[in-house]
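Bear in mind that the values in this text are calculations on the coordinates, not laboratory data. Please read these numbers as outputs of a predicted model, since none were measured by experiment. Every residue, glycine among them, receives a Cβ derived from its backbone with ideal geometry; neighbour counts consider all protein chains shown.
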Amino acid sequence: MLRFALAAALFALVTHAPASAEEGAACPPRTEQNLYNLGYQVKSGLEHDTVKVFQYAAAAVDRCADRTDVNGLAVPLLDAVAKAFPPGESQLVALSKAYEAVINNGRAWRVEIPSVTITLPDGSASQVDTYSAVTDYYYKSILPQLLTLADAGTVHPMFTGAPLAECPFPPSAEDRALKEAKALRDAAENRWDGEVTFATNRLRALREACDFLRPRLTYELGELYAHAATEQQTMTHDEKAVELAGHALTELEDFMTYAGLEPPLADWKLTVPVDIAAMKALVDDN
């Protein structure tokens with residue numbers, strides 16, 4: 001397991017690495033193999049130097065943005081580094097670089113590109129396919145950690161509501177965007193306090209930047225608000241419930257304006273009116 005005794009050193013590496021000689025250097029041809037080897041050493045307990053692991057993985061992401069499996073193999077290493085630190089700035093730095101690697105992995109991934117072949121410890125060869133594993137790391141580990149950090153006051157820019165320059169997910173990575181939306185919904189709906197701002201900020205920013213996902217993300221946003229409103233009503237937090245229900249109505253009624261939707265969105269247009277009626281009743285009763 002990686003240790004976190006060198007948090008300050010990690011932060012210094014991040015803030016100064018882009019200006020180093022590594023910047024702009026060509027991506028070495030054996031980077032995938034080297035990252036696999038480093039990951040094997042970490043899992044086997046042979047490598048404990050957090051800064052070394054971060055430094056190599058971060059440099060690989062910086063230098064090999066267009067190599068999907070380089071970024072994919074860097075993700076679990078950066079996730080491990082993040083988990084070696086208590087919540088705070090150093091953890092945010094590692095998770096931010098992991099998020100960058102996730103985005104690079106999705107943008108560079110193409111079905112038709114042959115997988116990279118690496119050599120396993122036993123000497124056999126194996127093809128690397130990182131896309132599915134990275135998707136799981138993203139919405140099961142990296143995103144929840146970023147939400148936890150935001151709750152503690154260390155907020156990644158993705159949760160601030162700032163506009164995105166472009167959609168972080170190309171159409172070929174649509175499944176990753178939708179799994180993120182579902183993870184954000186689950187996290188927000190399970191909150192006892194009804195505080196959903198970080199999740200809704202992210203969903204709104206994605207919706208504005210990812211036009212091909214606008215109907216789906218409008219639905220996800222409306223359902224997030226509706227479930228959160230119902231949960232707050234159950235706990236007799238009536239004022240908060242009404243506030244959330246109002247947002248739910250806005251989003252769900254907007255969703256109903258989309259015409260020509262394919263399943264499952266077309267099917268949801270049959271069920272969404274039930275949620276709209278429930279939200280109107282919640283508002284009227286309070």
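Structure notes:
- Among W192, W109, a tally of other beta-carbon atoms within 10 Å of each Cβ gives an order, fewest to most, of W192, W109.
- Here the residues E174, E262, ranked from fewest to most Cβ neighbours within 10 Å of their Cβ, fall in the order E262, E174.
- The chain: angle of helix 197-209 to the longest principal axis, Cα-based, in degrees nearest 10: 80
- Between K182 and A277, full extension at 0.36 nm per residue minus the direct alpha carbon distance yields a gain of 31.9 nm.
- Rounded to two decimals, the Cα-based Rg/Rh of the chain, with Kirkwood Rh, is 1.03.
- Once the Cα gyration tensor of segment 231-286 is diagonalised, semi-axes √(5λ) in Å: 25, 10, 8
- Computed from the Cβ-Cβ distance with R0 of 30 Å, the FRET efficiency linking Q127 to L46 stands at 0.80.
- Global dimensions of segment 27-116 from alpha-carbon coordinates: Rg and Dmax equal 12.7, 40 Å.
- Cβ charges +1 (Lys, Arg) and -1 (Asp, Glu), total dipole of segment 166-286, debye: 300
- Computed extension length for E208-S115: 30.2 nm, one decimal, from 0.36 nm per residue of separation with the Cα-Cα distance subtracted.
- Efficiency of FRET from Cβ geometry, K140 and D254, R₀ 41 Å, rounded to 0.05: 0.85
- Under the Debye formula (equal points on every Cα, no solvent term), log10 I(q)/I(0) of segment 166-286 at q = 0.15, 0.22 Å⁻¹: -0.64, -1.25
- For the chain, the longest principal axis of the C-alpha atoms and the axis of helix 7-16 are separated by about 90°.
- Multiplying the residue separation of D175 and A266 by 0.36 nm and subtracting their alpha-carbon distance yields 30.9 nm.
- Modelled this way, with points 7 Å down the Cα-to-C-beta line, the labels at N286 and E89 are 3.9 nm from one another.
- Once C-alpha pairs closer than 8 Å and six or more residues apart are averaged by separation and normalised to the residue number of segment 166-286, the relative contact order reads 23 percent.
- Positive contributions from Lys and Arg (+1) and negative ones from Asp and Glu (-1), summed over other residues with Cβ under 10 Å from the Cβ of A65, come out at 0.
- Positive-pole candidate from A125, Q91, V274, dipole of the chain, charges at beta carbon: A125
- Charged-residue dipole, Cβ positions (Lys, Arg, Asp, Glu), the chain about Cα centre, Debye nearest 20: 860
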